[in-house]
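Trainee: Quick one: structure below, then a few questions.
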Amino acid sequence: MTERRKIIIDTDPGQDDAVAILLALASPELEVLGITAVAGNVPLALTETNARKICELAGKTDTKVFAGAIRPMVRDLVTAEYVHGKTGLDGPDLPPPSMPLQPQHAVDFIVETLRNADVNEVTLCVLGPMTNIALALNRAPDILPKVAEIVAMGGGLFEGGNTTPAAEFNIYVDPHAADVVFRCGRPITLLPLDLTHKCLTTRARVDAFRALGTRVGDATAALLDFFERFDEAKYGTDGGPLHDPNVIAWLLRPDLYQGRHINVEVETMSELTIGMTVADWWGVTDRSANVNYLRDVDDDGFYALLLERLARL
């Protein structure tokens, strides 16, 4: 077997984050060095608890989970209980986790892990606001060469925003952190709403997870049943977009995705458009390309991959 890709998952679970974590833990191509929790969809005390719940659901209790930033770098925390429920993982009845939270702060773990890594060795998978990653890069710029790639779910251009007319939630929560990350100079792949809105959790797709007849299959179906209700009402679709698992699926099956290498910058000043990802898809500026911006996906292939991997847990 080829060498496993070393990743750190930075996350604010969230039902779709939970499915992304399950996909990573089910995939032998990936070595999850740690999961770092950040405040986002719900406050930090819930996101770090939820991350441990998902590791236990997957039967991967040796996974190390770290708690990180309790709030964004500059702004007050904005959360999304109206989408994810009061726990962030409403839907299935998952027991309180018994596996421990690591005592080390998530930002310290990121810095230490990268300092001890080889050049281009670790991929950062960012499923929520980018606070932990930006704090680590600001504190220890020497870790940058160790980062192979930053793969993140966030932003949007053609779909606009899902939190304001201009801004997607992850970027809106901490636009200043996203600005640090987008300017860091390392390879970045972004999976925006333009792509994730093509990955709808249709009734047939949710039923397929339930038909696995496993605890993970049942829990995934329950997560998606709860998660999709908000977007179904908002967009009038059969199912809702499944965002974060695309970050992990891109690592496993890049052939499912298409995009362009373009310039993306984050608006941090305007009250009207703060958190907007200004994506130069058409190349109308002379700003240098800094992001592999993915716009298209084979959504059937994506769900087939999810189903095949989650069946292993």
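The values are calculated or read from the model by the stated rules, or taken from the named source; none is laboratory data. Just so it is clear, the structure is predicted and the values come from calculations on it, not from any experiment. So basically every Cβ, Gly included, is an ideal-geometry build from the backbone, and we count neighbours across all protein chains shown.
Trainee: Out of everything in region 251-297 that is of a type in the set (Gly, Ala, Ser) and crowded, with 16+ Cβ neighbours inside 10 Å, what residue ends up being farthest from PRO175 (Cα to Cα)? Working first, answer last.
Mentor: Narrowing region 251-297 to residues of a type in the set (Gly, Ala, Ser): 259, 270, 275, 279, 283, 288-289.
Right, trim to crowded, with 16+ Cβ neighbours inside 10 Å and you get 259, 275, 279.
Values: GLY259: 23, GLY275: 5, ALA279: 14 Å.
The qualifying residue farthest from PRO175 (Cα to Cα) is GLY259.
Trainee: Answer with yes or no whether THR113 is surrounded by 18 or more Cβ atoms within 10 Å (Cβ to Cβ), polar (S, T, N, Q), under 29 Å from LEU193 (Cα atoms) and in contact (Cβ under 8 Å) with a residue 12 or more places away in the chain. Steps first, answer last, please.
Mentor: Details: surrounded by 18 or more Cβ atoms within 10 Å (Cβ to Cβ): yes; polar (S, T, N, Q): yes; under 29 Å from LEU193 (Cα atoms): no; in contact (Cβ under 8 Å) with a residue 12 or more places away in the chain: yes.
Judged against the criteria, THR113 is not a match.
Trainee: Condition first: under 24 Å from ALA167 (Cβ atoms) and buried (at least 18 other Cβ atoms within 10 Å of the Cβ). Now tell me which residues in region 56-72 satisfy that. Steps first, answer last, please.
Mentor: Filtering region 56-72 down to residues under 24 Å from ALA167 (Cβ atoms) leaves 68-72.
Across region 56-72, the qualifying residues are GLY68, ALA69, PRO72.
Trainee: Here is a follow-up. Looking at ASP90, ASP118, ASP76, which is the one that is among the acidic types (Asp, Glu), in contact (Cβ under 8 Å) with a residue 24 or more places away in the chain and under 30 Å from GLU232 (Cβ atoms)? Full working, then the answer.
Mentor: Numbers: ASP118 fails: under 30 Å from GLU232 (Cβ atoms); ASP76 fails: in contact (Cβ under 8 Å) with a residue 24 or more places away in the chain.
Of ASP90, ASP118, ASP76, the one residue that is among the acidic types (Asp, Glu), in contact (Cβ under 8 Å) with a residue 24 or more places away in the chain and under 30 Å from GLU232 (Cβ atoms) is ASP90.
Trainee: What are the residues in region 231-257 that are modelled with pLDDT of 95 or more, part of a helix (DSSP H, G or I) and of a type outside the set (A, V, I, L, M, F, W, C), if any?
Mentor: Going through region 231-257, the residues modelled with pLDDT of 95 or more turn out to be 242-257.
Going one step further and asking which of them are part of a helix (DSSP H, G or I), we end up with 245-252, 254-256.
Once the filter is applied, which keeps residues that are modelled with pLDDT of 95 or more, part of a helix (DSSP H, G or I) and of a type outside the set (A, V, I, L, M, F, W, C), region 231-257 yields PRO245, ASN246, PRO254, ASP255.
Trainee: Please find, within region 23-51, the residue that is nearest to GLY85 (Cα to Cα) out of those that are of a type in the set (D, E, K, R) and surrounded by fewer than 23 Cβ atoms within 10 Å (Cβ to Cβ).
Mentor: Residues of region 23-51 of a type in the set (D, E, K, R): 29, 31, 48.
Within this subset, residues satisfying the condition of being surrounded by fewer than 23 Cβ atoms within 10 Å (Cβ to Cβ) are 29, 31.
Values: GLU29: 32, GLU31: 30 Å.
My answer is GLU31.
Trainee: Also, quick follow-up: How about region 1-101: which helices (runs of 4 or more DSSP H) wholly inside it have at least 2 residues that are closer than 23 Å to ASP174 by Cα and modelled with pLDDT of 95 or more? If you could, list the steps in order and put the result at the bottom.
Mentor: Numbers: elements: 15-25, 44-57, 81-84.
In region 1-101, 15-25, 44-57 are the helices (runs of 4 or more DSSP H) which contain 2 or more residues that are closer than 23 Å to ASP174 by Cα and modelled with pLDDT of 95 or more.
Trainee: Do any helices (runs of 4 or more DSSP H) entirely within region 153-210 hold 1 or more residues that are more than 17 Å from the chain's Cα centre (by Cα), and if so, which?
Mentor: 175-182, 203-210
Trainee: Condition check: among the aliphatic types (A, V, I, L, M) and in contact with a helix residue (DSSP H, G or I) (Cβ under 9 Å, 6 or more places away or on another chain). Does LEU193 satisfy that?
Mentor: Working: among the aliphatic types (A, V, I, L, M): yes; in contact with a helix residue (DSSP H, G or I) (Cβ under 9 Å, 6 or more places away or on another chain): no.
Taking the combined requirement at face value, the residue does not satisfy it.
Trainee: Of the residues ALA177, ALA152, ALA148, which is touching a Pro at 6+ places or on another chain (Cβ under 9 Å) and surrounded by 24 or more Cβ atoms within 10 Å (Cβ to Cβ)? Break it down into steps so the answer makes sense when it comes.
Mentor: Numbers: ALA152 fails: touching a Pro at 6+ places or on another chain (Cβ under 9 Å); ALA148 fails: surrounded by 24 or more Cβ atoms within 10 Å (Cβ to Cβ).
Among ALA177, ALA152, ALA148, only ALA177 is touching a Pro at 6+ places or on another chain (Cβ under 9 Å) and surrounded by 24 or more Cβ atoms within 10 Å (Cβ to Cβ).
Trainee: Is at least one residue of region 228-237 within 30 Å of ILE188 (Cα to Cα) and surrounded by 17 or more Cβ atoms within 10 Å (Cβ to Cβ)?
Mentor: Checked against the condition, which is being within 30 Å of ILE188 (Cα to Cα) and surrounded by 17 or more Cβ atoms within 10 Å (Cβ to Cβ), region 228-237 yields at least one hit.
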